[in-house]
1. Cβ-Cβ under 9 Å, sequence separation 6+ or interchain: first residue in the range 84-112 and among the hydrophobic types (A, V, I, L, M, F, W, C), partner surrounded by fewer than 10 Cβ atoms within 10 Å (Cβ to Cβ) and in a loop (DSSP other than H, G, I, E, B). Which pairs?
2. Which residue is surrounded by the most Cβ atoms within 10 Å (Cβ to Cβ), if the candidates are limited to the range 31-86 and must be β-branched (Val, Ile, Thr) and under 28 Å from PHE8 (Cβ atoms)?
3. Against the condition outside any loop (DSSP other than H, G, I, E, B) and more than 14 Å from the chain's Cα centre (by Cα), how does ALA51 come out, does it pass?
4. For PHE67, which of the numbered conditions (1) modelled with pLDDT of 85 or more; (2) outside any helix (DSSP H, G or I) fails to hold?
5. Would you mind telling me which numbered condition in (1) assigned to a helix (DSSP H, G or I); (2) modelled with pLDDT of 90 or more LYS46 fails?
6. For the range 87-112, how many residues are under 17 Å from the mean Cα position of the chain (by Cα) and exposed (fewer than 10 other Cβ atoms within 10 Å of the Cβ)?
Amino acid sequence: MEAKKTQFVSMNEIKEMIKTLPQHTCSWMKGISTLYKYQGFWGHQKFLEGAIFTQQITFNARPNDVFLCNYPKSGKTWLKALNLAIITRERFDESTSPLLTTLPHKCIPFLE
């Protein structure tokens, strides 16, 4: 059986494709911000570039996977610690929590 080769689309091709999508320029931003509609959602070009590029990768989510999405400098470390504490509250008590000895970034992997 022959392995199927995946042909990835380059970032330049993605940028050109985004330019063909429906656009809306935010008047309250004085024309600075243009949104593009992709698969029923409006987003900035940079966010869409990443989303379209990552759709090329095969990712199979598990039923217990949790995605934590936030903006930079908005408390990601605190949110990771809070998520870990909630998810593992039945496995660990306060004295055996992994957060007592390990940083949240080491306990929870990231996709950046």
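1. Listed pairs, sorted by first residue: ILE87/ASN64; LEU100/GLU94; LEU111/PHE59; LEU111/PHE67.
2. ILE52
3. So ALA51 does not fit the description; no.
4. With respect to (1) modelled with pLDDT of 85 or more; (2) outside any helix (DSSP H, G or I), PHE67 is out only on (1).
5. So LYS46 meets the others, but not (2).
6. The number of residues fulfilling the criteria is 4.
The values are calculated or read from the model by the stated rules, or taken from the named source; none is laboratory data. Predicted, not measured: the structure shown is a model, and the values here were computed from it. Cβ atoms come from the backbone with ideal geometry, glycine included; neighbour counts cover every protein chain shown.
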